[in-house]
1. Here are ASP147, ASP131: which of them is closer than 19 Å to TYR30 by Cβ, of a type in the set (D, E, K, R) and modelled with pLDDT of 95 or more?
2. If you check GLY258 against the conditions, is it out of contact with any Pro (no Cβ under 9 Å at 6 or more places or on another chain) and either at positive phi or part of a helix (DSSP H, G or I) (or both)?
3. Against the condition of a type in the set (Gly, Ala, Ser) and within 30 Å of TYR299 (Cβ to Cβ), how does GLY209 come out, does it pass?
4. Output the residues belonging to segment 140-166 that are farther than 18 Å from ASP112 by Cβ and either touching a Leu at 6+ places or on another chain (Cβ under 8 Å) or crowded, with 18+ Cβ neighbours inside 10 Å (or both).
5. Please state which of the following conditions LEU280 fails to meet, knowing it meets all the rest: (1) closer than 30 Å to SER28 by Cβ; (2) touching a residue at least 60 places away in the same chain (Cβ under 8 Å).
6. Using beta carbons and a limit of 9 Å, which pairs, at least six apart or on different chains, have the first residue in segment 239-250 and under 15 Å from LYS33 (Cα atoms) and the second one surrounded by 15 or more Cβ atoms within 10 Å (Cβ to Cβ) and of a type in the set (Ser, Thr, Tyr)?
7. So the check is Cβ under 7 Å with 6+ separation or different chains; which pairs have a first residue in segment 262-276 that's under 10 Å from GLN251 (Cα atoms) and a second one that's loosely packed, with under 13 Cβ neighbours inside 10 Å?
Amino acid sequence: MKKMILGILLLFCISCVNTSSNTQSKLSFYYWKTTFALDQVERETLDNLAVSKLYIRYFDIGLKNGTAVPITPIVFKDAVPLLEVVPVIYIKNEVVLSEQLDVKKLADQLVDFVLQINEHNNIDSQEIQIDCDWTVNSKERFFALIDQLHKETEMKISATIRLHQVKFASKTGIPNVDRGVLMYYNMGRIAADSLNSIYDRQIAQKYLGGLRDYPLHLDYALPIYSWVVHSRENQVIRLISRLREGDLKQQENIKQLGKHQFVVTQEMEAFGFVFQPGDLLKVERVSAEQIQEMTDDLYRASGTCPNEIILYDLNSKNINSYDQEIFKEMVRCK
């Protein structure tokens with residue numbers, strides 16, 4: 001009898017090990033340009049990584065003369081590959097802070113505009129994602145907008161979730177969405193110092209304690225983008241997107257000070273901007289090792305594997321900065 005029980009337990013354990021070793025999340029991408037046109041690298045990446053879903057930023061919503069209006073809607077120059085498209089709408093927090101906001105009217109406009117874009121470009125969507133960094137002061141209108149969207153469409157509604165909204169869920173509340181996507185980046189302040197505002201493990205660890213008990217299913221969005229923080233006399237002037245160390249090293253009037261720090265040696269024009277002598281340029285990015293570290297920390301903190309990991313964002317320059325094996329490895333739960 002004891003041998004039989006031991007045998008059953010052994011088979012159960014083997015079954016558990018095999019199940020966990022085969023657990024794998026799906027890999028998706030955000031597409032965050034105002035014009036949709038894929039180059040060869042981007043198309044090959046979608047194929048090589050067997051990507052079946054693309055989250056495309058359709059338009060932003062901001063305020064114009066106190067009225068919520070669409071801003072910079074996407075233009076499709078290429079046909080979308082045969083995969084699922086999730087329209088993403090970025091809503092500025094000022095919109096849901098506005099006391100004049102007509103929630104029903106905005107929800108109707110959002111759905112109608114998405115359907116127009118889809119019909120014009122032969123796209124069939126099953127989900128709309130709302131990206132808004134709502135706060136305690138704006139949550140009431142934001143949640144009302146989500147509820148109204150459910151009434152306006154049969155499509156699923158998802159929302160991006162920030163780390164502070166997980167840690168302080170009792171204050172910021174939980175949106176009535178079908179699922180959330182945790183944006184695991186933009187963790188620190190953008191400054192001229194040596195800190196990395198895109199990812200800081202010490203900062204992230206302070207927010208992960210509430211992940212396991214968060215009542216909404218979460219998938220994860222991870223960063224593969226980069227930018228340069230341009231500062232002068234310790235004051236940040238601007239962010240310059242999609243630049244890396246190699247781009248700065250090609251400029252003869254830029255000298256490297258440290259691993260990610262550079263200084264302008266004489267007045268110059270590059271990357272569409274004018275630089276003065278003494279200007280500091282700091283490259284912020286996430287390494288392949290840090291990406292794996294992020295996924296490991298998220299798996300441990302949540303105690304489960306997400307259905308999806310979404311990389312921000314699909315761009316050949318971002319993709320070429322990594323060995324694609326890291327993308328395949330990150331979706332394997334351990």
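The values are calculated or read from the model by the stated rules, or taken from the named source; none is laboratory data. These figures come from a predicted structure and were not determined experimentally. When we count neighbours, we look across all protein chains shown, and the Cβ atoms used for this are built from the backbone with ideal geometry, even at glycine.
1. Answer to the check: ASP131.
2. No; evaluated as a whole, the condition is false for this residue.
3. yes
4. ARG141, PHE142, PHE143, SER158, ALA159, THR160, ILE161, ARG162, LEU163, GLN165, VAL166
5. Evaluating LEU280 over (1) closer than 30 Å to SER28 by Cβ; (2) touching a residue at least 60 places away in the same chain (Cβ under 8 Å) leaves (1) as the failure.
6. Cβ pairs passing all conditions: SER241/TYR225; SER241/SER226; ARG242/TYR225; ARG242/SER226.
7. VAL264/GLN276; VAL264/PRO277; VAL264/GLY278
Matching residues to (1) small (Gly, Ala, Ser); (2) in a loop (DSSP other than H, G, I, E, B); (3) out of contact with any Leu (no Cβ under 6 Å at 6 or more places or on another chain):
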site	(1), (2), (3)
TYR55	no, no, yes
ASP78	no, yes, no
LEU82	no, yes, yes
VAL86	no, no, yes
ALA107	yes, no, no
LEU110	no, no, yes
LEU115	no, no, yes
ILE123	no, yes, yes
ASN137	no, yes, yes
